[in-house]
Amino acid sequence: MEQTQQGFQVSAVKPIIEFRGVSKTYQTGTHALEDVNIKINSGEFVFVVGSSGAGKSTFMKLIMREEKANTGKIVVNGFDLTKMKRKSVPMLRRTMGIVFQDFRLIPNMNVFDNVAFAMHVVGADSRNIRREVSKALSLVGLGHKARSMPNQLSGGEQQRVGLARALVNSPDLIIADEPTGNVDPNMSYEIVSLLTEINKRGTTVLMVTHDHNLVRDFHHRVIMLDGGKIVADNAGGDL
Amino acid sequence: MKLSSVKYLVGEGFKNTWTNRLMTIASVGVLVACMVIIGLAVMISENVNMAMGNLEKQNVVMAYMEDYSWALYGDGANQKKGDSTEKADKNGIRPSDYTIHNEAEAKALCDQIAKIDNVASVTFVSSKEGLESATKSMLESQKEYFTFLEEKDQNPLPCAAKIAMADMELFDETIKKIEQLEGIDSIQSNSGLAQTLAAIKNGITVAGIWIIAILMIISLVIVSNTIRVTMYTRKLEIGIMKAVGATDTFVRLPFVVEGMVIGIISALISEGLLYCCYRIATETIIKTFGGVIAFSEMAWVLLLLFMGIGILSGVIGSVIIISKYLRKEGSEFAAI
Ligand SMILES: Nc1ncnc2c1ncn2[C@@H]1O[C@H](COP(=O)(O)OP(=O)(O)OP(=O)(O)O)[C@@H](O)[C@H]1O
Ligand SMILES: [Mg+2]
């Protein structure tokens, strides 16, 4: 993928994510999302908030194509997810970096290898891998911990490794479902600051959070879900 | 797919095999057991087939010819054997009633027999030779009578052809074809034995195929079970691979490598084990029966067979298991 890190290059004109009349009903019959319409432009930083069971994770899963919508149209990074074949899903995923709430670091690999893993498995060559992994680790401030094992790191540090892994393939979009859910408040600020930093370089960031303080202190767009519907969206204004 | 990533993923596969070594050893053990049984089945059937072949070679067919000399027995004593001058004898039998009048004609008939499909070899047996072998097992007094006849040129035996067949299953068919040739009077054979031999050979082949098929399925199940365990212990990696956009081929590769490694290790161990078993077993067999197929004659076939079984069950087993998992929709990044 191209280097779209320079935010001004794509500016806030072209939507990177677009939902049109999207509904998702799970096999159990739960209506997780109902008639969702939304546009997220390239270069934006968006908080997704709402009470438990509101459909936030479902919204993220639809973007990552971990789940399929029942009705409506979803376009992400130019991919029409509603028409997409299973075979093309890896190509979509390569345009996004995914951060997990529970870090998901491989316990028997050191920090460097954990980040490198994300490059190896999409076919990068070793010289690129060495360069990009070092870059990503120093960006999250963990260059000196490259040889540490995950269990030797604090929760916040582990999540920064997770962030480095999400960044290492230079994605256009960062998807993070409660990335601060398992770290203490101070670390949460640090992680969101990092994400904001990354966003300033042009990467679109989409983050689910329950933490009102974060939403209040970082002035980003906020989308609020309730009962599977978007009930508030401060695009361009305050909530 | 880039070479460097293939190298990386193959390396991961080897690592899996090692990390999972207890499972690996267990499945190698079961696979070796399957392969050794398959190998034994192959070697036993090969040896039995060879022994049968030897028996078959001894089980020859004698085709007796319509030989004029035979008609001369008794009354036509005044006529020289092979004399084709037309002159009916006392019983009104003319030389032209017979097809074969001399050895040259008999040998030509042998050549004709040799041309028939499935005839492995034909040996001409002159009446003199026939008498010799017939009298071999006789008592001295009986023998004297026949040698007396021979001396008087009154050998009662016609010329004959000693025939060996290539495939005993076509026995009856071949006999019919020989009978149809002009100049064949009668055929003496042991078709009962021939059929028994063919049936035994058949039975061994069918049993062998069944054993191999069943054990191959067992091998497949064993390997895929190991891969399933590996897969569950590596769900976290698979989830991450999918999240960062690894293709299915990439996700599968380490598991396929693991399956292949298990298969290849098992094949090599089985070959070694069989070699030792065979040597110990044949040392006693050779002393009692003599003549078994040397291991070296079967070594490559067996190794190929084992490698085939091992690699196939490794690859197929892992592909089936992983594909089933990869096709699952939803929650695919879930770690545990
Ligand atoms: N795989 C699934 N199968 C069936 N129902 C599901 C599944 N995943 C989620 N749901 C249901 O869909 C609804 C929305 O769930 P979702 O996970 O999107 O909520 P959320 O906003 O992320 O909640 P939380 O803040 O607790 O994470 C809930 O009622 C949930 O029970
Ligand atoms: Mg959730």
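Bin all alpha-carbon pair distances of chain A at 5 Å intervals from 0 and give each bin's fraction as a whole percent.
The distribution over chain A is 1, 6, 14, 18, 20, 17, 13, 7, 3, 0, given as percents.
Over every pair of different alpha-carbon atoms in the stretch A:162-239, take the mean of 1/r and invert it; report that Kirkwood radius in Å.
When all Cα pairs of the stretch A:162-239 are included, the Kirkwood radius is 13.4 Å.
Cα to Cα, under 13 Å, and not fewer than 8 places away if on the same chain: which aspartates and glutamates meet these conditions relative to A:LYS14?
Correct list for A:LYS14: A:GLU44, A:ASP172.
Using the Cα centre of the protein assembly as shown as origin and beta-carbon charges of +1 (Lys, Arg) and -1 (Asp, Glu), tell me which of B:VAL251, B:ILE211, A:ALA232 is placed farthest towards the positive end of the dipole.
Of the options given, the answer is A:ALA232.
Counting only other chains, and only Cβ atoms inside 10 Å, what mean value do you get across the residues of A:121-129?
6
Could you work out the mean count of beta carbons from other protein chains within 10 Å of each residue's beta carbon in A:109-119?
Mean inter-chain Cβ contacts per residue within 10 Å come to 2.
Could I get the Rg over Rh figure for the stretch B:234-282? Both from C-alpha atoms, Rh via Kirkwood, rounded to two places.
Radius of gyration relative to Kirkwood radius: 1.38.
Of A:VAL222, A:LEU105, A:VAL183, which is farthest along the charge dipole of chain A in the positive direction, counting Lys and Arg as +1 and Asp and Glu as -1 at C-beta?
Working it through, the farthest residue towards the positive pole turns out to be A:LEU105.
If you place +1 on the Cβ of every Lys and Arg, -1 on the Cβ of every Asp and Glu, and leave all else neutral, what size is the dipole of the protein assembly as shown about its Cα centre, to the nearest 20 Debye?
The dipole of the protein assembly as shown has a size of about 3460 debye.
At a 10 Å Cβ-Cβ cut-off, how would you order A:SER88, B:SER266, fewest neighbours first?
Ranking A:SER88, B:SER266 by Cβ neighbours within 10 Å, fewest first, gives A:SER88, B:SER266.
Roughly how crowded by other chains is peptide B:6-14, in terms of the mean Cβ count from those chains within 10 Å of each of its Cβ atoms?
That works out to 2 on average.
Could you tell me the ratio Rg/Rh of the protein assembly as shown? Both radii from Cα atoms, Rh via Kirkwood.
Expressed as Rg/Rh, it is 1.37.
Do any GluC sites (Glu not before Pro) in the stretch B:103-209 lie in a DSSP loop with no more than 10 other beta carbon atoms within 10 Å, and if so, which?
Sites meeting the loop and neighbour criteria: B:GLU182.
Could you bin all the Cα-Cα distances of the stretch B:112-188 into 10 Å bins starting at 0 and give me the percent of pairs in each, rounded to whole numbers?
With 10 Å bins starting at 0, P(r) equals 17, 41, 25, 16, 1.
Can you sort A:ARG216, A:ARG93, A:ARG104 from fewest to most other Cβ atoms within 10 Å of each residue's own Cβ?
So the ranking, lowest neighbour count to highest, is A:ARG216, A:ARG104, A:ARG93.
So which aspartates and glutamates can A:LYS145 reach, going by Cα to Cα under 15 Å and dropping same-chain residues fewer than 8 places off?
Partners found: A:ASP113, A:GLU157.
By a straight-distance test (C-alpha under 13 Å), which aspartates and glutamates pair with A:LYS73 as possible cross-link partners, with residues fewer than eight away in the same chain excluded?
Of all the aspartates and glutamates, those that pass the test against A:LYS73 - Cα under 13 Å, at least 8 places apart if same chain - are A:GLU18, A:GLU34, A:ASP35.
Laboratory data are not the source of any read-out in this text; all were calculated from the coordinates shown. Bear in mind that the values here come from a model prediction, so they are computed numbers and not experimental data. As a convention, Cβ positions derive from the backbone with ideal geometry for all residues, glycine included, and neighbour counts pool all protein chains shown.
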